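Asker: Before I ask anything, here is the structure I am working with.
The values are calculated or read from the model by the stated rules, or taken from the named source; none is laboratory data. None of the values given here were measured: they were computed from a predicted structure. So basically every Cβ, Gly included, is an ideal-geometry build from the backbone, and we count neighbours across all protein chains shown.
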Amino acid sequence: MRFRLRTLLILMAVVPSLIAWLSLPYLRRFSKHEITKQRLSILHDCVLLYQLEVHRPPPSLGHLYVDPGQLSDPKTWRGPNLERSLPVDAWRQPFGYEIIDSANGKNCLWSNGPDKKSGTTDDIAIGL
């Protein structure tokens, strides 16, 4: 009986530790995806705020924290919309930004994801 109880107690201690150790890479990857999605959401909000103020999408993400200068009415821009320079994704890569339809304010923000290559299945994107 002692041998079985001791074996059971050891297994109860080892198995959860082994499961936690094996799942660690997955949890790290999951958290990086979540961090990147949160940063994209913040950028999305900044782009929308810029559009509300200036009535057109920003030509680049840099215009969120630098005075655009070429506005017909400079008083419409109440920026900067970002306090600091542009954030990067969880893999320390810059976010991508593209104006799809300027007249309708359609844009796309994206991260190239863990493989750091654009246009692959692991990309994380938000369309405006």
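Asker: When only residues in segment 104-115 that are surrounded by fewer than 16 Cβ atoms within 10 Å (Cβ to Cβ) and closer than 18 Å to residue 60 by Cβ count, which is modelled with the lowest pLDDT?
Answerer: Only one residue tops the list, namely 106.
Asker: Sticking with this one: Can you run down the residue pairs with Cβ atoms below 8 Å, 6 or more apart or on separate chains, where the first is in segment 36-64 and outside any helix (DSSP H, G or I) and the partner is buried (at least 20 other Cβ atoms within 10 Å of the Cβ) and of a type in the set (Val, Ile, Thr)?
Answerer: Listed pairs, sorted by first residue: 57/47; 58/47.
Asker: What are the pairs, 6+ residues apart or on separate chains, where a residue within segment 83-98 that is loosely packed, with under 14 Cβ neighbours inside 10 Å has its Cβ under 8 Å from a residue that is part of a loop (DSSP other than H, G, I, E, B) and modelled with pLDDT under 90?
Answerer: Close Cβ pairs satisfying both conditions: 83/65; 84/65; 85/65; 94/86.
Asker: Any residue in segment 110-128 that's farther than 19 Å from residue 38 by Cβ and in a loop (DSSP other than H, G, I, E, B): show its pairings with residues that are modelled with pLDDT under 90 and not small (Gly, Ala, Ser) at Cβ separation under 6 Å, as long as the two are six or more apart or on different chains.
Answerer: If the second residue must be modelled with pLDDT under 90 and not small (Gly, Ala, Ser), the pairs left are 115/122.
Asker: Okay, moving on. If residue 78 satisfies every condition in (1) surrounded by fewer than 16 Cβ atoms within 10 Å (Cβ to Cβ); (2) under 27 Å from residue 34 (Cα atoms); (3) not aliphatic (A, V, I, L, M) but one, which is the exception?
Answerer: Unmet condition: (2).
Asker: With (1) in a loop (DSSP other than H, G, I, E, B); (2) within 19 Å of the chain's Cα centre (by Cα); (3) modelled with pLDDT under 90 as the list, and residue 91 as the residue in question, which single condition is left unmet?
Answerer: If we test residue 91 against (1) in a loop (DSSP other than H, G, I, E, B); (2) within 19 Å of the chain's Cα centre (by Cα); (3) modelled with pLDDT under 90, just (3) comes out false.
Asker: If residue 80 passes every condition in (1) at pLDDT 85 or above; (2) in contact with a Phe, Trp or Tyr (Cβ under 9 Å, 6 or more places away or on another chain) but one, which one does it miss?
Answerer: Result: residue 80 passes all but (1).
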